[in-house]
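Remarks on the structure that follows.
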Amino acid sequence: MQNTNHYISIILPTLNEVDNISLIIKKIINLFNGFLIEIIVVDDASIDGTSTLIKKLSQEDNRIRLINRHGRNGLSSAIKEGSLSASGDLIAVMDTDGQHQVESLYEAIQELLISDKDLIIGSRFLNNSSIKGLSDKRKKGSSIANKLAKYSLSKEYLKLTDIMSGFMVFRSLRVLKLVERIDVNGFKFLFELLSVSNGTLDCKEIPLNFLPRKFGESKLDIAIVWDFWVSLVHSLSKRLVPRKAISFAFVGITGLLVQLSISYSFMWFLGFNFQNVLPIAVILAATSNYLVNNWLTFRVKRLRNKALFIGLLKFLMVSSLPIIANVGLASSFYNLISPNTLLSQLAGIIVVFIWNYAASSKLVWNT
C-alpha cells in the first residue's frame, strides 16, 4: 500500500490486556510508519494496569490516545465510542487479545482503498482463512452462531461468512451515521452494524489468520452467549422490540419454569393444594427473575451487596400488584374457566409481564 493522504483511526478496545496491548501498538507503529494514524485505546476500567500503560505510551507518542471508561462497559459500546471519537476518514477495529494480526489490518486497509467498498471484514471462515485460536468446540459454536445470525439480516449479507468478527475497516463518511444507531448493549458490534444498515453497506471479506491467545483469558461467558440470543431475536424482530424487553422475557421463561417446578413439587410430593402453593411459587419465581435480570439483563447497572437486597425489596414491591393479579387471575381462571393448573398459571404470567418490565426497569435499575 502506498503512503496515502488518508487519515487512519485504529480502535483498540481493551479489558485487562496489559500483556498484549503494548505489543500490538508497537507493531502498528512500525507497520504504519510514515502514515497519518491515530491509535485510540478504549479501556473498560482494567485492573491489570492497562490504562496506566497506555497513558505512559500516549505521553511518549501523541498518536496514541486513551479513553478510560468507568461506569460504561461492553465491547460494542467501546467500539462505538472509539469510532465516534475518531478523526480519521478510515476507521479500523481489531481485538487486543493478540489473536488478530496487525499485518491483516494493513491488508484490509489496502483492500478498502483498492475496491472502494464501504466495509472490509476479516473472516475466520473463508476457504483460505486459518483458525488456530479456537478449539473445535468453539469453532463449531461460532460457525452455528454465524449461520443463525446471517438469516436474521438482509439477504444482501448472505454471502458473508463471519458476522461475528471483531476485525473490520470502514469509511467513516459512509458508515458512522449507522454506527450512531447501534445498540451498545448488542452482542457484537459488526452484527449490530449490519442489522441497522438493512443491506445498504457494500461489504467484502478478507481471510484472517486467527491466532491462539498468548496472554490473559477469554472473555467468553454465559452473559455473552445470552447476549447472542437476545441480539438474534432483536434482529429477527427488525429491531422493533427493545433488547432489554427481549432479555426480560427470556428471564421470564426461566421464572415460569421455577414457578411450575415449585408448585408441582409442593402439590405432588408435599400434598399442598393448588391455591395454597400458588402464592409461594409466584413469590419465589419473582425473586428468581430479579436475580437473573440483575445478573444478565441489567448487568451494566448490576446491584451488589446492600443495594442487591434493597433492589429485591423494591422489585417485590413493584411486582406486588402483578403478583396479586397473577395469583388472582390464575385462581379465577382455575375456578371459573378451566381446572387446568398449567393454563391457569400461564394466564397470570402473561398478563403481568409488561408491567413488571416497565416498572422494574425504571424503579429498580433506573433505566
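The values are calculated or read from the model by the stated rules, or taken from the named source; none is laboratory data. This structure is a prediction, so every number in the text was calculated from the model and none was measured. Heads up, the Cβs are rebuilt from the backbone with ideal geometry, glycines too, and the neighbour counts pull from every protein chain shown.
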Take I28 and tell me if it is farther than 18 Å from F189 by Cβ, of a type outside the set (S, T, N, Q) and crowded, with 23+ Cβ neighbours inside 10 Å. yes
Can you confirm whether L240 is in a helix (DSSP H, G or I), surrounded by fewer than 19 Cβ atoms within 10 Å (Cβ to Cβ) and over 16 Å from the mean Cα position of the chain (by Cα)? no
If you go through V351, V292, V277, V300, the only one that is of a type outside the set (S, T, Y), at pLDDT 80 or above, surrounded by 13 or more Cβ atoms within 10 Å (Cβ to Cβ) and within 27 Å of V230 (Cα to Cα) is V292
Any residue at all in the range 112-131 that's within 18 Å of W226 (Cα to Cα) and in the same structural domain as R72 (by TED's automatic domain parsing)?
no
Every listed condition ((1) surrounded by 14 or more Cβ atoms within 10 Å (Cβ to Cβ); (2) over 23 Å from I131 (Cβ atoms); (3) assigned by TED's automatic domain parsing to the domain that holds S87; (4) modelled with pLDDT under 95) holds for G166 save (2)
Exactly one of A108, A86 is of a type in the set (A, V, I, L, M, F, W, C) and within 23 Å of the chain's Cα centre (by Cα), and that one is A86
Taking the range 177-201 and the residues there that are surrounded by 15 or more Cβ atoms within 10 Å (Cβ to Cβ) and over 19 Å from D95 (Cα atoms), the one that is modelled with the lowest pLDDT would be D183
For K204, the lone unmet condition from (1) under 30 Å from L105 (Cβ atoms); (2) crowded, with 19+ Cβ neighbours inside 10 Å; (3) touching a Leu at 6+ places or on another chain (Cβ under 9 Å) is (2)
Scan the range 243-253 and give yes if some residue there is crowded, with 18+ Cβ neighbours inside 10 Å, over 30 Å from F191 (Cβ atoms) and in contact (Cβ under 8 Å) with a residue 60 or more places away in the chain, otherwise no.
no
Picked from the range 155-177 (must be polar (S, T, N, Q) and under 20 Å from the mean Cα position of the chain (by Cα)), the residue farthest from D97 (Cα to Cα) is T161
When T50 is run through (1) in contact (Cβ under 8 Å) with a residue 60 or more places away in the chain; (2) touching a helix residue (DSSP H, G or I) at 6+ places or on another chain (Cβ under 7 Å), the failure sits at (1)
